[in-house]
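For reference, the structure discussed in these notes is given below.
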């Protein structure tokens, strides 16, 4: 299995940031003539040279030079710079989480579920732990308490 050559953390961070910059796309501004007035200048219109694309694990994996998602996942678990790749994964999850606020969030929900997000995870009991049992031990200190004044001896 061939892995990319990551020599230092700064270089890998730079490559990860380059991926997220790349997916933003490229554009140039064109000015429309005929709509300008003496009070308002020409209106600039954004023209895409390369359309923006969504952040994906496969895209990040390819951009960084891995041969497969499995190699990426293995490096994320055991590699020298695993923390940086985990942050990159979190950055992709965050981009999908932002899409949950859009009108149609079904695709983002599906993607997040495949990333390990689940519904109502906090309300499901953990089967491995079993019920929690608390043991209470009462410790007596000092003389025995009297039930009435008649039991008190001076």
Checklist entry - Of everything in the stretch 27-45 that's modelled with pLDDT of 90 or more and surrounded by fewer than 11 Cβ atoms within 10 Å (Cβ to Cβ), which residue is nearest to residue 16 (Cα to Cα)? => result 28
Checklist entry - If we scan the stretch 65-75, do we find a residue that is surrounded by 15 or more Cβ atoms within 10 Å (Cβ to Cβ) and over 19 Å from the mean Cα position of the chain (by Cα)? => result yes
Item to check | Residue list for the stretch 39-71, restricted to those being out of contact with any strand residue (DSSP E or B) (no Cβ under 6 Å at 6 or more places or on another chain), more than 16 Å from residue 13 (Cβ to Cβ) and outside any loop (DSSP other than H, G, I, E, B) | outcome: 57, 58, 59, 61, 62, 69, 70, 71
Next on the checklist: Give me the residue from the stretch 115-154 that is surrounded by 10 or more Cβ atoms within 10 Å (Cβ to Cβ) and within 30 Å of residue 73 (Cβ to Cβ) and, out of that set, modelled with the highest pLDDT.
Outcome noted: 117
Checklist entry - Which residues, counting only those in the stretch 76-97, are in contact (Cβ under 8 Å) with a residue 12 or more places away in the chain, assigned to a helix (DSSP H, G or I) and farther than 18 Å from residue 17 by Cα? => result 97
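The values are calculated or read from the model by the stated rules, or taken from the named source; none is laboratory data. Note that the structure is predicted; figures quoted are calculated from it, not measured. All Cβ positions, glycine included, derive from the backbone under ideal geometry; neighbour counts span all protein chains shown.
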